[in-house]
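Chemist: Got a structure for you, questions after.
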Amino acid sequence: MKTKNNEKLIAVIGATGQQGGGVVRALQASSQFKVRALSRNPGKHRELADEVVEADLNRPETLKAAFEEAHGVFLVTNFREKGTDELKQATAAVRAAKDAGVKHFIWSTLPNVEAISGGKFDVPHFTGKARIDRIVKEAGFPHHTFVIAPFYYQNLVGALAPQKQADGSLGWALPLDPDVRCIHLGDITELGNIVAGAFVQSDQAGNGEYLPLVGDFMSFNEILETLIQQGHKFSFKQVPKEVFAGFFPGAAEIAEMFSYWEVHTYLGSDSSDRISLANKIAGRQPTRFSTWTRLNVPVQNP
Ligand SMILES: NC(=O)c1ccc[n+]([C@@H]2O[C@H](COP(=O)([O-])OP(=O)(O)OC[C@H]3O[C@@H](n4cnc5c(N)ncnc54)[C@H](OP(=O)(O)O)[C@@H]3O)[C@@H](O)[C@H]2O)c1
């Protein structure tokens, strides 16, 4: 379980992605762990960590070697990857981690929209992750932790970047009431600080705690105002859910997610105690939205 230098080994699923990438960097920065980055294509990422090993959640036979000798495992599943069955993948990962004698398992979950809304909203990439929590809990690891990723700041320059609108402006057309403060958001690269902190402080954070990363809690109008104050000229138009659902594949689920946020917020309930604990475990306050945009969203107006 420990290396020659007495460092515990942590195996990271999703190490080449946004969540797991941040976890790898935070573990390396802590200098307390040996890091094993896992990927379906280890040959393409040789320099990523101390070890880079093959793991494919759709091929459970790869997970034995991936978790061998590991003290800890970080798991994220990728809902958006074609053919992903999050429950099946996570079940295989939990089983393999148990077989390998893993001591601390950290699962990147999301709120149970079905339970929170009494079945009113159907958001499979939230509820499907929440259903995995019980499997992690009941596996009986000496320590386990749930981390919750927020709405990534990075979405606003990535998958949900402003688009050219019919009136010629650049901005967003979303089925979301821009006045409702309901979005818990954050710099996803900072999830790793919570994960690394939890591995270090397993007595305080390894007993089934829920640790959300939240850099800010805003309405879309507050997001817009922040960007406009920094010199951007973005527009916002609220569009009906049914219209948005036809914009791109998967848009209907995003529209449903926004409806859930409006009524219950992203995290689904007052989470201030959990957020405080997460920040304490991370040992720092997450970056605020305005600070992140100043550094990451260059003003392109003439
Ligand atoms: N965008 C948001 O605001 C948001 C908010 C909360 C939660 N999420 C959730 O975040 C998850 C995605 O995480 P991310 O943003 O870190 O994704 P990402 O940057 O797209 O990276 C996906 C990672 O998953 C790995 N992966 C995919 N399929 C795999 C498989 N079969 N076996 C092993 N590894 C596999 C990939 O590794 P290789 O390609 O190297 O194998 C890659 O490292 C989604 O489930 C989404 O629901 C997103």
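Just so you know, all these numbers are worked out from the coordinates, no wet-lab data involved. Everything numeric in this text was worked out from a predicted model, so none of it was measured.
Chemist: What is the log10 of I(q)/I(0) for the range 27-72, computed with the Debye formula using one identical point scatterer on each Cα and no solvent, at q = 0.21, 0.32 Å⁻¹?
Modeler: At q = 0.21, 0.32 Å⁻¹ the computed log10 ratios are -0.71, -1.17.
Chemist: How large is Rg/Rh for the range 154-302, to two decimals, with Cα atoms and a Kirkwood Rh?
Modeler: Dividing the radius of gyration by the Kirkwood radius yields 1.01.
Chemist: Could you name the lysines whose alpha carbon sits less than 29 Å from that of LYS237, not counting residues in the same chain fewer than 8 places away?
Modeler: Excluding near neighbours in sequence, the set is LYS120, LYS164.
Chemist: Where does the range 130-202 land on Rg/Rh, using Cα atoms and the Kirkwood Rh? Don't jump to the answer; show the numbers that get you there.
Modeler: Values: Rg = 18.0 Å, Rh = 15.6 Å.
With Rg and the Kirkwood Rh in hand, the quotient comes to 1.15.
Chemist: I've got another one for you. Specify the residue with the greatest mean-square fluctuation among LYS103, LYS164, LYS82, computed from a Gaussian network of the chain linking alpha-carbon atoms under 10 Å apart.
Modeler: LYS82
Chemist: Same structure again: Taking θ as phi - 60°, what are the ³J(HN,Hα) couplings along the range 102-117 by the Karplus curve (6.51, -1.76, 1.60), each to the nearest whole Hz, with x for Gly and Pro?
Modeler: 4, 8, 9, 10, 10, 10, 8, 9, 9, x, 8, 4, 4, 5, 5, 9
Chemist: Using only the Cα atoms of the range 46-102, what are the Rg and Dmax in Å?
Modeler: Answer for the range 46-102, Rg first and Dmax second: 11.5, 31 Å.
Chemist: For helix 191-200, what angle does its Cα long axis make with the longest principal axis of the chain, in degrees from 0 to 90 and rounded to 10?
Modeler: Its long axis makes an angle of about 30 degrees.
Chemist: Taking every pair of distinct Cα atoms and averaging 1/r, then inverting, what Kirkwood hydrodynamic radius in Å comes out for the chain?
Modeler: 20.0 Å
Chemist: Given H placed 1.01 Å from N in the peptide plane, which residues other than close sequence neighbours of ALA15 have an amide H under 5 Å from its amide H?
Modeler: Under 5 Å from the amide H of ALA15 lie the amide H atoms of LEU38, each far enough along the sequence or on another chain.
Chemist: Add -39500 (n - 2.57) for each DSSP H run of 4 or more in the chain, then divide by its residues: what number comes out at 222 nm, to the nearest 500 deg cm²/dmol?
Modeler: Per the formula, -10000 deg cm²/dmol.
Chemist: Could you pull out every one of the aspartates and glutamates with an alpha carbon less than 12 Å from that of LYS64, ignoring same-chain neighbours closer than 8 positions?
Modeler: GLU54, ASP56, ASP99
Chemist: With angles folded into 0 to 90 degrees, how steeply does helix 272-282 sit against the dominant principal axis of the chain? Use alpha carbons for both and round to 10.
Modeler: So the helix axis and the longest Cα principal axis differ by about 50 degrees.
Chemist: Picking from ASP50, ASP167, ASP187, which is most flexible by a Gaussian network model of the chain using Cα springs under 10 Å?
Modeler: Highest fluctuation among the options: ASP167.
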